[in-house]
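The values are calculated or read from the model by the stated rules, or taken from the named source; none is laboratory data. Note that this is a predicted model, so its numbers are computed, not measured. For neighbour counting, all protein chains shown are included, and Cβ atoms are generated from backbone atoms with ideal geometry for every residue, glycine included. Accessible surface is based on the protein model in full, side chains and every heavy atom, while ligands, DNA and RNA are left aside. Shrake-Rupley method; radii C 1.70, N 1.55, O 1.52, S 1.80 Å.
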Amino acid sequence: MTRINQRCLLNKRPEGMPEDDCWKWEEADVPEMKDGEILIKSLYLSIDPYMRGRMNDTVSYTGPVKIGDVMVGESVGVVVESKSSNFKLGDYVCVHGGWQSYVAVHGDGPELFQADPDMAPLSTFIGTIGMPGRTAYSGLTRLGKPKEGETVVVSAASGGGGRGGGQMAKI
């Protein structure tokens, strides 16, 4: 069965607020899976503040998205094909695979994070429990290490990371 992957590519760098013409939709065949790989059908895609910076061609903590590449982002999806002993059909997975309907990755990639819909709604795995929440947790517990009575300032509490970080600091 041939699957079609719908992908959102960065078409041009925005000047000011991104406009519709900054992206281009493309359809491509999903490649055949190789040994050790899994195919994830995206169910939820993240839209996070860091993505705006990745659209610029500037020096940052990570490189910019190249023109013509899939727009970066975390997604939560379901494994629809597996040639890996690490995942089976029907497993829910978080992956940093960008804005596309299917993501093919090696099943032992460090970017994979298993999602459990019995623990929380799948959509929370791209926010509070996902990369933004894990970033907040790591920043607080490994770097900030706040002590009782200290004041914690969260500079961007509007997203999943800041929202989670503020709540974690309070706890």
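A few remarks follow.
- Subset of the range 24-56 (residues that are among the hydrophobic types (A, V, I, L, M, F, W, C), in a loop (DSSP other than H, G, I, E, B) and under 18 Å from Val103 (Cα atoms)): Val30, Met33, Ile47
- Hey, Val59 free of Cβ contacts under 8 Å to residues at least 24 places away in the same chain and assigned to a loop (DSSP other than H, G, I, E, B) or not: yes
- The one condition from (1) within 13 Å of the chain's Cα centre (by Cα); (2) at pLDDT below 90; (3) within 28 Å of Trp25 (Cα to Cα) that Thr128 does not meet is (3).
- When Val93, Val59 are checked against the criterion of being under 22 Å from Phe125 (Cα atoms) and of a type in the set (Val, Ile, Thr), Val93 stands alone in meeting it.
- Summed over the range 63-83, residues that are within 30 Å of Glu15 (Cα to Cα), open to solvent by 30 Å² or more (accessible area, probe 1.4 Å) and among the aliphatic types (A, V, I, L, M) total 2.
- Top-ranked residue of the range 84-128 - restricted to ones that are touching a Gly at 6+ places or on another chain (Cβ under 6 Å) and assigned to a loop (DSSP other than H, G, I, E, B), ranked as surrounded by the fewest Cβ atoms within 10 Å (Cβ to Cβ): Asn86
- Annotation: of all residues in the range 4-23 being part of a loop (DSSP other than H, G, I, E, B) and in contact (Cβ under 8 Å) with a residue 12 or more places away in the chain, the one that is most open to solvent (accessible area, probe 1.4 Å) is Lys12.
- Scanning the range 30-62 for residues that are of a type in the set (A, V, I, L, M) and open to solvent by less than 70 Å² (accessible area, probe 1.4 Å) turns up Val30, Met33, Ile38, Leu39, Ile40, Met51, Met55.
- Checking each residue in the range 161-171 for being open to solvent by 70 Å² or more (accessible area, probe 1.4 Å) and among the hydrophobic types (A, V, I, L, M, F, W, C) picks out only Ile171.
- Residue in the range 138-160 that is touching a residue at least 60 places away in the same chain (Cβ under 8 Å), assigned to a loop (DSSP other than H, G, I, E, B), among the polar types (S, T, N, Q) and exposed (fewer than 14 other Cβ atoms within 10 Å of the Cβ) present: yes
- Cross-chain or 6+ apart pairs with Cβ under 9 Å, the range 79-107 first and on the phi > 0 side of the Ramachandran plot, then polar (S, T, N, Q) and surrounded by fewer than 21 Cβ atoms within 10 Å (Cβ to Cβ): none
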